[in-house]
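Take a look at the structure below.
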Amino acid sequence: MISWDSIETKWRTKWNQSKEFEIEPDNRPKKFITVAYPYPNSPQHIGHGRTYTLADVHARFLRMKGFNTLFPMGFHYTGTPILGMAKRVQEGERELIENFEKLYHVPPQTIKEFVEPVKIADYFHEEIKHGMIEMGYSIDWRREFTTIDPVYKKFIEWQFRKLKSLNFVIQGSHPVGWCPKDQNPVSQHDTLGDVEPDFTEYILVKFRLDDMIIPTATLRPETIFGVTNLWINPKITYKKVRVNDENWIVSPECAYKLEFLNKSVEVISEVSGAELVGKTVSVLDKKIPMFPASFVESQTGTGIVMSVPAHAPFDYQALIDYQKQNSAINIKPIAIIKTEGLGEIPAKEIVEKLGITNQEDSKLDEATNEVYSKEFYSGVLRENTGKFAGLKVSEAKDTIKTWLSELKNSDILLELNDGPIRCRCGAECVVKLLNNQWFLNYLDKDWKNKTNQCFDKMSILPNEIRTEFNYVVGWLRQRACARQHGLGTKLPWDQNWIVESLSDSVIYMAYYVLAKYVNSSQLKADSLSDEFFEFVFYGIGELKQISIKCNVPEDTLSQIRDDFVYFYPVDARHSGRDLVPNHLTFFVLNHVAIFPEELWPKQIVVNGSVLMDGKKMSKSMGNIIPLRKAIKEYGADPIRLAIIISAELLQDADFNLESVNTIKNKLEAIYEDCNKYKPGMPQTLQSEDKWILGRLNNLIIETTAAVEKMRLREALHHILFAFESDLQWYLKRIDAKEREEFSGILHKLLSVRVAMLSPFAPHIAEEMWERLGNSGLVSRSAWPVPDNSTESISVQSEELLHSTMEDIKNVLKVTKMNPQKIVLYTADSWKVKAFRKIASSVLAGQTNIGAIIKELIADPQTENIKKDPDFVKKSVNSILSESAEIRKLRVELEPINEKSILSSELSSLIKKEYGVNIEVFEESDSTKYDPKNKAKMARPFKPALFIE
RNA sequence: GCGGGAGUCGCCAAGCCCGGUCAACGGCGUAAGGUUCAGAUCCUUAUCUCCUAGGAGUUCGUGGGUUCAAAUCCCACCUCCCGCACCA
């Protein structure tokens with residue numbers, strides 16, 4: 001057993017002492033690795049650990065490759081959730097406070113302070129930071145910051161003035177779910193029952209009654225041509241209201257809702273629905289009557305409904321109901337849409353089909369849906385719709401909406417779906433049209449083009465996710481970039497607004513350069529102006545002047561500029577895939593907007609999320625494991641490896657505690673081995689030595705390639721497991737030969753593996769490195785490189801030995817024999833020649849047996865093939881079942897002397913394994929011992945064998 | 001609806017882009033043996049089916065097709081997951 005805690009502490013202390021990760025510019029090439037900073041509203045769990053661990057492995061790998069690699073970290077205080085939490089603490093909400101106490105183990109004294117949002121952020125900031133330190137992340141902590149630091153705010157102000165000067169910031173109105181009591185927008189977690197406040201846009205069609213306007217809300221403006229009457233509920237008392245400069249009649253609820261939609265609403269008087277029944281209204285030169293209907297609801301729309309009985313089942317049924325009471329009414333539905341599969345009067349048909357008999361029938365909803373969806377996708381407007389005839393309903397909807405609006409015959413009403421929705425404060429929410437909202441105009445064509453250019457040139461890992469980025473860029477429209485509440489930076493030109501949190505987190509990687517100077521008090525917010533940022537980021541302006549104006553010493557100022565020039569651009573940005581459609585895309589958009597092309601980001605690395613025992617982690621499932629708790633229990637390195645090895649980059653990683661244990665044991669076993677071997681190569685290398693060193697080269701090449709593609713699961717797999725079977729073979733060989741001078745070889749193998757392990761499991765790798773007696777820190781050592789010593793002869797001969805052993809084992813297994821004697825026969829020389837010819841044919845793509853045989857017969861050296869045509873088929877198959885590498889060797893290399901290899905090398909293995917001696921003959925040796933006539937089955941690399 | 005992704009031998013999970021190296025890496029689990037006072041760990045072996053000679057058969061969501069050869073390419077279908085905004 002080893003003490004993970006003390007090993008980890010030991011090495012963290014050493015790194016700290018030698019300021020290992022405090023990166024300054026020097027003459028080496030640089031890499032700048034960044035990750036999306038955390039939002040400190042809860043402690044980190046295993047899932048958060050994934051992205052940061054991947055980035056850390058990346059940074060550590062690049063350092064070993066010789067790059068001066070900066071890996072910094074900040075904390076994102078900006079946003080509303082923390083504000084909401086503070087409010088809920090203030091209100092003493094049980095559930096939340098219990099979470100703090102029981103799940104997060106926050107001291108009660110501290111929870112009391114959580115009424116102040118910053119205290120929440122500060123607390124979890126420290127918590128998360130400690131977790132990152134304990135995980136061994138190679139972060140340069142001198143560059144830490146939060147997004148509410150004064151200098152950061154100056155930086156964001158500069159960013160926004162910049163964007164505005166580029167015309168990327170525009171103003172407009174925007175609807176949101178709204179709590180009238182809190183005077184606040186509501187999102188899902190602000191509502192009772194966590195309902196997402198979704199809303200629908202209704203078209204208000206204006207009907208005229210003398211000097212009054214009667215608006216009706218509809219989702220189907222195209223049906224205006226089929227309107228026959230209006231429905232009004234005689235039991236409702238309507239309001240006459242002055243809306244802007246018109247007089248409207250609407251339900252009281254509607255009047256209230258209109259106020260939030262930027263209309264001035266003034267109630268003039270009341271009028272009962274009954275009074276309105278029978279009056280005639282007009283629209284588009286058409287005069288229609290108002291009839292009573294009970295299905296009309298006061299709280300929906302305007303409380304008055306436009307009736308299209310041909311296409312709306314509700315309207316149709318209400319008309320039938322009314323005509324029953326009042327036979328004088330003679331109104332015929334007007335069909336205006338023709339739809340394949342629906343008859344002349346669709347509403348009539350469906351009502352009759354479903355057996356609906358009155359307007360209170362709940363089946364009317366189903367009927368409406370059916371008619372609507374069929375008409376929407378396959379309906380076409382009829383001749384009686386004038387210039388719109390022939391249009392598909394799906395197109396006509398928008399066309400007619402615009403047309404009505406141009407005629408000033410319509411307006412818009414926004415209404416919450418699935419209402420009523422209540423705010424956590426209890427008040428009923430409405431839709432509010434926020435005026436003068438600020439947007440980033442991601443719709444801008446040139447901006448999109450530039451962004452696509454950047455993406456095209458950028459490395460995206462894994463590349464599969466690239467199409468998703470392209471899609472997002474195409475789909476993005478204006479995006480609100482300011483809000484009225486929460487922590488953050490005020491919009492520099494409009495102090496009523498705070499920069500929204502996905503907009504103040506897009507170019508902050510540049511700020512890491514400044515943060516170091518802020519933290520050492522060399523940079524103060526007070527006198528920083530835009531000139532400062534322009535100088536640092538663009539090199540624009542006069543050093544002297546800016547130094548005086550911004551109160552920054554000249555040498556400091558030019559040093560900051562030099563730092564920026566050195567470290568920028570970002571070489572890799574890591575993040576979870578949930579940030580693809582927002583942060584990562586905005587990050588690129590804003591970089592191309594603000595920075596010149598040479599400073600555009602070089603790479604994005606996207607990883608999937610983490611599942612716990614196959615399930616999503618969530619508070620309600622109680623399967624969240626806090627990172628720091630896990631570190632205490634299992635050690636940082638086992639957790640790092642368990643997260644990485646469970647899935648490839650974009651897949652969801654299934655984390656489970658058993659796998660952490662397995663990894664831990666594996667590491668401990670390697671650690672034990674590190675105590676066993678001493679450096680120093682043997683005088684002469686034997687075949688198996690050359691072979692295993694060749695395999696080591698292979699391991700280095702494959703591992704390196706995998707890490708470079710951030711295929712870390714694969715890389716770790718190579719280091720930890722794949723090499724194991726090679727090693728086993730090697731150990732078996734030296735054991736059989738009773739060798740003693742192999743320690744140096746194993747020392748070398750281990751050293752290379754430990755070096756490659758160190759980015760993944762940095763603490764234990766240092767300890768292993770020290771045990772191996774290697775000098776310095778492994779994290780400072782060079783990433784291993786292959787040394788070209790791979791000898792193909794040894795590859796072929798070990799291969800031969802290995803496969804022959806397998807054959808023998810196989811025969812013994814099937815026959816259940818107890819071997820007394822093992823005899824091997826190597827193939828005739830003509831077979832060797834034929835085999836090489838076959839191999840080169842196969843390599844050239846010729847696998848047709850007949851053609852190969854013809855070719856062989858044509859050559860006197862191989863014409864013997866006539867006696868044994870089956871040889872060709874077997875050879876082709878065996879060549880096809882070898883790796884590409886071996887296939888090539890088969891053709892390129894001179895044949896090896898199988899007889900001498902088998903007799904000299906195989907005998908010890910057989911002796912060790914089965915305690916018997918072997919005899920080796922050539923196939924055509926006339927003195928051979930071959931009672932069962934097996935020798936003729938011999939093929940190159942596949943000696944025939946006889947066991948008795 | 002729009003867009004993206006997945007379905008592999010008990011579980012997790014590679015492979016699919018670039019067809020033969022694939023009965024299909026590896027890990028977990030399971031079984032047997034070894035180490036151990038015992039256990040944990042560790043090591044070895046086995047783990048689709050059949051086989052007394054190194055072999056054969058049937059598999060990679062379903063059904064077709066292309067090819068000497070398909071988990072891999074093409075077509076159709078079924079099932080599941082994720083994102084769609086002002087929220088970090």
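The values are calculated or read from the model by the stated rules, or taken from the named source; none is laboratory data. The shown structure was predicted, so the numbers you read here are calculated from the model rather than taken from an experiment. Ideal geometry is used to build each Cβ from the backbone, glycine not excepted, and the neighbour counts take in all protein chains shown. Heavy atoms of the whole protein, side chains included, go into the accessibility calculation; ligands, DNA and RNA do not. Shrake-Rupley method; radii C 1.70, N 1.55, O 1.52, S 1.80 Å.
Just one residue in the set A:81, A:72, A:43 is under 31 Å from the mean Cα position of the chain (by Cα), within 16 Å of RNA strand B (Cβ to nearest atom) and open to solvent by less than 20 Å² (accessible area, probe 1.4 Å); that residue is A:43. Would the range A:773-783 turn up any residue that is open to solvent by less than 60 Å² (accessible area, probe 1.4 Å), more than 30 Å from residue A:15 (Cβ to Cβ), among the hydroxyl-bearing types (Ser, Thr, Tyr) and more than 11 Å from RNA strand B (Cβ to nearest atom)? No, because not a single residue in the range A:773-783 is open to solvent by less than 60 Å² (accessible area, probe 1.4 Å), more than 30 Å from residue A:15 (Cβ to Cβ), among the hydroxyl-bearing types (Ser, Thr, Tyr) and more than 11 Å from RNA strand B (Cβ to nearest atom). Per the conditions (1) surrounded by fewer than 15 Cβ atoms within 10 Å (Cβ to Cβ); (2) in contact with a Ser or Thr (Cβ under 7 Å, 6 or more places away or on another chain); (3) of a type outside the set (A, V, I, L, M), the sole criterion not satisfied by residue A:835 is (1). Restricting attention to the range A:938-946, does a residue exist that is aliphatic (A, V, I, L, M), at pLDDT 85 or above, open to solvent by less than 40 Å² (accessible area, probe 1.4 Å) and part of a loop (DSSP other than H, G, I, E, B)? So far as the range A:938-946 goes, yes, one or more of its residues are aliphatic (A, V, I, L, M), at pLDDT 85 or above, open to solvent by less than 40 Å² (accessible area, probe 1.4 Å) and part of a loop (DSSP other than H, G, I, E, B). Restricted to the range A:487-600, the set of helices (runs of 4 or more DSSP H) holding at least 2 residues that are within 16 Å of RNA strand B (Cβ to nearest atom), crowded, with 20+ Cβ neighbours inside 10 Å and not aliphatic (A, V, I, L, M) comprises A:585-594. The one condition from (1) closer than 28 Å to residue A:472 by Cβ; (2) touching a residue at least 24 places away in the same chain (Cβ under 8 Å) that residue A:618 does not meet is (2). Being assigned to a loop (DSSP other than H, G, I, E, B), surrounded by fewer than 16 Cβ atoms within 10 Å (Cβ to Cβ) and away from RNA strand B (no atom under 13 Å from the Cβ) holds for only one residue in A:904, A:926, and it is A:926. The residues of the range A:112-124 that are closer than 24 Å to residue A:46 by Cβ and surrounded by fewer than 20 Cβ atoms within 10 Å (Cβ to Cβ) amount to a single one, A:122. If the condition is being open to solvent by less than 40 Å² (accessible area, probe 1.4 Å), of a type in the set (Gly, Ala, Ser) and more than 13 Å from RNA strand B (Cβ to nearest atom), then the range A:604-652 contributes A:630, A:635, A:636.
Here residue A:935 passes the criteria (1) under 56 Å from the mean Cα position of the chain (by Cα); (2) within 16 Å of RNA strand B (Cβ to nearest atom) except the one numbered (1).
Annotation for the range A:861-883: no member residue is assigned to a loop (DSSP other than H, G, I, E, B) and aliphatic (A, V, I, L, M).
This table checks each residue for (1) more than 12 Å from RNA strand B (Cβ to nearest atom); (2) more than 30 Å from residue A:575 (Cβ to Cβ); (3) open to solvent by less than 40 Å² (accessible area, probe 1.4 Å); (4) not in a strand (DSSP E or B).
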site	(1), (2), (3), (4)
A:413	yes, yes, yes, no
A:425	yes, yes, no, yes
A:434	no, no, yes, no
A:448	yes, no, yes, yes
A:452	yes, no, no, yes
A:465	no, no, yes, yes
A:468	no, no, no, yes
A:471	no, no, no, yes
A:485	no, no, no, yes
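The number of residues in the range A:839-854 being within 22 Å of residue A:885 (Cα to Cα), within 12 Å of RNA strand B (Cβ to nearest atom), touching a residue at least 12 places away in the same chain (Cβ under 8 Å) and open to solvent by 40 Å² or more (accessible area, probe 1.4 Å) comes to 2. Residues in the range A:345-380 that are in contact with a strand residue (DSSP E or B) (Cβ under 9 Å, 6 or more places away or on another chain), open to solvent by 10 Å² or more (accessible area, probe 1.4 Å) and touching a residue at least 24 places away in the same chain (Cβ under 8 Å): A:374, A:378, A:380.
Annotation note: Cβ proximity below 8 Å between a residue of the range A:704-732 that is open to solvent by 60 Å² or more (accessible area, probe 1.4 Å) and a residue that is near RNA strand B (Cβ under 8 Å from one of its atoms) (sequence gap 6+ or interchain) occurs for A:711/A:648; A:713/A:645; A:713/A:646; A:713/A:647; A:713/A:648; A:717/A:645.
Quick check on residue A:23: is it under 29 Å from residue A:564 (Cβ atoms), buried (at least 22 other Cβ atoms within 10 Å of the Cβ) and of a type outside the set (Asp, Glu)? So residue A:23 fits the description; yes.
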